[in-house]
Amino acid sequence: MVQPDLTEQLIELIPRMRRFAAGLSGSTAWGDDLVQTACERLLLRKDSLKADTRLDSWMYQVIRNLHIDGIRAQSVRDRNAEEVKQVADLRLVSTDPMDSHIRLNEVQEAMQLLSEEHRSALMLICVEGLSYKEAAEVLQVPMGTVTSRLVRGRKALIDNLGGESESGKLDLGASK
Amino acid sequence: MNDEQRELINAFNDGQLDEKEREIVRELLAENAQARAYLDELAEVDSLLRTAFDPIEQEPVPARFKALLQKKRSHAFSHYVVPAALAASLLLAVVLVIRQDTIDQQMQEQLLQMRQEIASLKHQTLENTPSGKAVSWVAPVGQTRAEVTPLATFRTKDNRFCREYEERLEDANGVEIRRGVACRTGKGHWPDLTKLPSGSASSTAVEKSAVVNL
């Protein structure tokens, strides 16, 4: 699959991939390294991609595999600990604290308490807006598995945010 | 609620059901407050997740990705880019050479003009200025400055009218002082004695001792 506009397609995908990678890894800095490494792999292997490969699916999949493997771009390995600590502080605090009773970095923290399987299912479906079928392709598991991970993941996240699932007492936001 | 109902409500929330399945969920929601609360929780947690992560997607693409992807792109088109760059640099070199030539030519012209001015100064000074009095000339541009001072006047045995003089040339490189002897060959024309044919110059020089200072 040699596409002259591959880099342009990739540029357009970067914002979504960064969001996904940040959600998986718990930090935009980590996430950006995952995205960068995935981009480099794609550009190296672009000739071996199948014609029907969806670029976004391929990227989601590679980013997730890289995250699971703990592979990080050289650039971050070389950074000193202070910088890593600094960038690990996510910019996820709502600009308007009245938006929600739960500070948004608490959502991030709660996500990191989930298993990777739950977290990736939540990111792909709830944030990235993939269908169950698309998520199943990215995660390379049957749709039933995706559904199961999603249901359990959502419950676990609600629990981590301090609510009581199904009780209706979860105080996730007064606006609702 | 059982697991199957929870999955249905999740799929309902995520828009993954067909119309028949949606109707089943609607009935469940209508009769089951716990199901309604559960759906509310799902919508709420989704909203939180999007609010938490969407700002990252809204950020402009960081420079590192643009650099990475544009670098690769220029790789792909290197066959075109490199000759273009080479051609551009060659063009630049040609332009620079021409420019340098132009500069050299201009400097040559200026230098030539200054030499003519200084030569003219010498001729005029030797023609009109008494010995011991300096006449100077300053170039209109730059730091070049010339001064000619006739030192002595004498007549040779063959009745040529000659003057010893000192020429002081000053420019950015420093000061050069030169002494010479020039003999009049016509009005306002005082070629240097050393420029005369060697035979006559040597004989004139020899005869200099016999000249009478005027």
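Taking the stretch A:17-82 and the helices (runs of 4 or more DSSP H) fully enclosed by it, the elements with 2 or more residues that are at pLDDT below 85 are at A:74-77. Please work out which residue is farthest from the other protein chains (Cβ to nearest Cβ), limiting yourself to the stretch B:1-51 and to residues that are of a type in the set (V, I, T) and closer than 24 Å to A:R119 by Cβ. Looking at the filtered set, the residue picked out is B:I9. Is at least one residue of the stretch B:175-198 modelled with pLDDT under 50 and not in a loop (DSSP other than H, G, I, E, B)? Yes: one or more hits. Looking at B:T149, is it part of a strand (DSSP E or B) and at pLDDT 85 or above? The answer is yes for B:T149.
It is to be established whether one or more residues within the stretch B:130-137 are among the polar types (S, T, N, Q) and under 21 Å from B:A182 (Cα atoms). Yes: the stretch B:130-137 contains one or more residues that are among the polar types (S, T, N, Q) and under 21 Å from B:A182 (Cα atoms).
In this structure, does A:V138 turn out to be within 9 Å of chain B (Cβ to nearest Cβ), surrounded by 17 or more Cβ atoms within 10 Å (Cβ to Cβ), out of contact with any Cys (no Cβ under 6 Å at 6 or more places or on another chain) and among the aliphatic types (A, V, I, L, M)? It is false that A:V138 is within 9 Å of chain B (Cβ to nearest Cβ), surrounded by 17 or more Cβ atoms within 10 Å (Cβ to Cβ), out of contact with any Cys (no Cβ under 6 Å at 6 or more places or on another chain) and among the aliphatic types (A, V, I, L, M).
For the stretch A:17-45, give me each residue that is over 13 Å from B:L68 (Cβ atoms) and either out of contact with any helix residue (DSSP H, G or I) (no Cβ under 6 Å at 6 or more places or on another chain) or among the polar types (S, T, N, Q) (or both). Answer for the stretch A:17-45, where residues must be over 13 Å from B:L68 (Cβ atoms) and either out of contact with any helix residue (DSSP H, G or I) (no Cβ under 6 Å at 6 or more places or on another chain) or among the polar types (S, T, N, Q) (or both): A:S25, A:S27, A:T28, A:W30, A:R45. Note on the stretch B:19-122: no enclosed helices (runs of 4 or more DSSP H) hold 1 or more residues that are under 30 Å from A:L150 (Cα atoms), in contact with a helix residue (DSSP H, G or I) (Cβ under 8 Å, 6 or more places away or on another chain) and modelled with pLDDT under 75. Just one of (1) free of Cβ contacts under 8 Å to residues at least 40 places away in the same chain; (2) farther than 18 Å from B:R50 by Cα; (3) surrounded by fewer than 21 Cβ atoms within 10 Å (Cβ to Cβ); (4) not aromatic (F, W, Y) fails for A:S131. It is (2).
Here B:R160 passes the criteria (1) more than 47 Å from the chain's Cα centre (by Cα); (2) surrounded by fewer than 16 Cβ atoms within 10 Å (Cβ to Cβ); (3) not acidic (D, E) except the one numbered (2). Take the stretch A:133-147 and flag every residue that is in contact with a helix residue (DSSP H, G or I) (Cβ under 8 Å, 6 or more places away or on another chain) and farther than 14 Å from A:S57 by Cβ. Those that are in contact with a helix residue (DSSP H, G or I) (Cβ under 8 Å, 6 or more places away or on another chain) and farther than 14 Å from A:S57 by Cβ: A:P142, A:M143, A:T145, A:T147. Candidates in the stretch A:36-70 are the residues that are basic (K, R) and surrounded by 12 or more Cβ atoms within 10 Å (Cβ to Cβ); of these, the one that is farthest from the other protein chains (Cβ to nearest Cβ) is A:R54.
The values are calculated or read from the model by the stated rules, or taken from the named source; none is laboratory data. These figures come from a predicted structure and were not determined experimentally. For neighbour counting, all protein chains shown are included, and Cβ atoms are generated from backbone atoms with ideal geometry for every residue, glycine included.
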